[in-house]
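The structure appears below as structure tokens.
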Amino acid sequence: GIKYTAEWLTQYLVTINTQIPLYEIVNGVNETASHLQWLNQSDRLIIPPQIYYSSPTERWVLTKTLNVTVNSPINFTASWLLQFLIKVQRATPVEENGTWVNITTGWYNNGTIIYIPSHYHYINSEERIAYYVKTPYKVIIDKSLTISIPFAYQYFLRINKVVSGYVNGTLMNVTSGWYNNGTVIK
């Protein structure tokens, strides 16, 4: 007779919960992750950082990754962060979620709050930013936008006595005060 010895391979059920397509790497092979799959014990499963573009101006960033050796059933739920492409005509100092930053063209998280004042933001006693908007406004990022904010850097010029001179070509009395960056005084 023939002697036969059965060899058994242990497999575990891997459940991947995601509403957005994602890829995984199983034992070095890159593939689209399926919702339910059986993987062999000791298989290496990696769900690496990744970005899914739902449109040219909207994307989803995976915020939770996985890197395990399969030795038990796995239930992985993907966490995605929605981002929108925001276009800015020039780097502009604004308040973003309560912190002053230079906003530039790039990807911003859904719900990010951009605040633009209607007055001045003082950097120090001799430098400030003048915003040329009638009222302060707040933008809550929930779609792709182009943001254009008129502003100028201003510097305080200290003059001990009033003198006659030209400011950007206009004859006037030159006094201590705030002047826009690029102002020509003769």
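The values are calculated or read from the model by the stated rules, or taken from the named source; none is laboratory data. This is a predicted model, so every value here is computed, not measured. With ideal geometry, Cβ positions are generated from the backbone for all residues, glycine too; neighbour counts draw on all protein chains shown. The protein model used for the area step is the full one, side chains on, heavy atoms only, and it has no ligands, DNA or RNA in it. Shrake-Rupley method; radii C 1.70, N 1.55, O 1.52, S 1.80 Å.
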Within segment 145-186, the residues that are outside any strand (DSSP E or B), among the small types (Gly, Ala, Ser) and under 30 Å from Gln89 (Cα atoms) are Ser148, Gly169, Gly182
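Please verify whether Leu9 is at pLDDT below 95 and more than 26 Å from Gly111 (Cβ to Cβ), treating the condition exactly as stated. Lay out the reasoning, then the answer.
On the way: at pLDDT below 95: yes; more than 26 Å from Gly111 (Cβ to Cβ): yes.
Yes: the conditions hold for Leu9.
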Filter segment 170-186 for residues that are modelled with pLDDT of 90 or more and open to solvent by 50 Å² or more (accessible area, probe 1.4 Å); which is farthest from Thr105 (Cα to Cα)?
-> Leu171
If we keep just the residues of segment 57-95 that are closer than 30 Å to Arg128 by Cα and assigned to a loop (DSSP other than H, G, I, E, B), which is nearest to the chain's Cα centre (by Cα)?
-> Ala91
Subset tally (residues that are assigned to a strand (DSSP E or B) and under 11 Å from the mean Cα position of the chain (by Cα)) for segment 96-111 | 6
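Name the residues in segment 120-143 that are outside any strand (DSSP E or B) and of a type in the set (D, E, K, R), would you?
Residues of segment 120-143 outside any strand (DSSP E or B): 125-126, 132-136, 141-143.
Listed by number, the residues that qualify are Glu126, Lys134, Asp142, Lys143.
Can you name the strands (runs of 3 or more DSSP E) wholly within segment 1-56 that have at least 2 residues being of a type in the set (S, T, N, Q) and open to solvent by 60 Å² or more (accessible area, probe 1.4 Å)? It would help to see each step written out before you state the result.
On the way: elements: 11-17, 23-26, 29-32, 36-40, 44-47, 51-55.
Output list reads 29-32.
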